[in-house]
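Single-structure report; data block below.
Bear in mind that the values in this text are calculations on the coordinates, not laboratory data. Nothing here was measured: the structure is a model prediction, and the numbers come from that model. Counting neighbours? That spans all protein chains shown, and the Cβs are built from the backbone with ideal geometry, glycine included.
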Amino acid sequence: MTDPAPWVLVLACDMPRISDALPALMLGAAETGASVLAHDGGRDQPLAALYRWADLATVEKQEVRNLSMRALLARVTWSPVEVPAGSTTDIDTWSDARQFGVEEPGAGR
């Protein structure tokens, strides 16, 4: 087996503006050499992060079934990186989707 890549980029698929956060995450990781997590509007977002593979090694040593991301990553050391406001806003409901111009199928009938 080959060695894993030194970095793991984690991006949730329900954040339509996440590309706006990528430059800050990459710069933060380059400057610190450490795992970095997006910090947007006073909130840390573990699903918008650049993790060092070595930092994630602690995760594989624990039971992971049914854990939240925060609990899963509780032992991982990371630094917050300020990202553009709203870049980690996620879509969880149809109301959220409408803010991005997406309508619920059949809603206009």
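By the helix-only formula, in which each DSSP H run with n ≥ 4 contributes -39500 (n - 2.57) and the sum is divided by residues, the chain has a 222 nm mean residue ellipticity of -5000 deg cm²/dmol. For the range 28-72, trypsin sites (Lys or Arg not before Pro) meeting the loop criterion (DSSP other than H, G, I, E, B) and having at most 10 other Cβ atoms within 10 Å: 65. Compute and list, largest first, the equivalent-ellipsoid semi-axes of the range 63-109 from the alpha carbon gyration tensor, each √(5λ) rounded to a whole angstrom. That gives 32, 18, 4 Å for the three semi-axes. Each label was represented as a point 7 Å from its Cα along the Cα-to-Cβ direction; for residue 7 and residue 99 these points are 2.9 nm apart. The GluC sites (Glu not before Pro) of the range 14-109 that DSSP puts in a loop, and whose beta carbon has at most 11 other beta carbons within 10 Å, are 63, 103.
Of the chymotrypsin sites (Phe, Trp or Tyr not before Pro) found in the range 4-109, the ones in coil according to DSSP and having at most 11 other Cβ atoms within 10 Å of their Cβ are 100. Its relative contact order, with pairs defined as Cα atoms under 8 Å and 6+ residues apart, puts the chain at 34 percent. Using θ = phi - 60° in the Karplus curve 6.51 cos²θ - 1.76 cosθ + 1.60, the 3J(HN,Hα) couplings for the range 5-11 round to 4, x, 10, 10, 8, 10, 9 Hz; x is entered for Gly and Pro.
Placing one equal scatterer on every Cα of the chain and applying the Debye formula, the log10 ratio I(q)/I(0) at q = 0.09, 0.11, 0.20 Å⁻¹ is -0.29, -0.42, -1.04. Only beta bridges with both residues in the chain are counted; by DSSP, about 70 percent of them are antiparallel. Between the helical axis of 22-32 and the longest alpha-carbon principal axis of the chain there is an angle of about 20 degrees. Stretching the chain fully between residue 59 and residue 43 yields a gain of 3.6 nm (0.36 nm per residue, less the alpha carbon separation).
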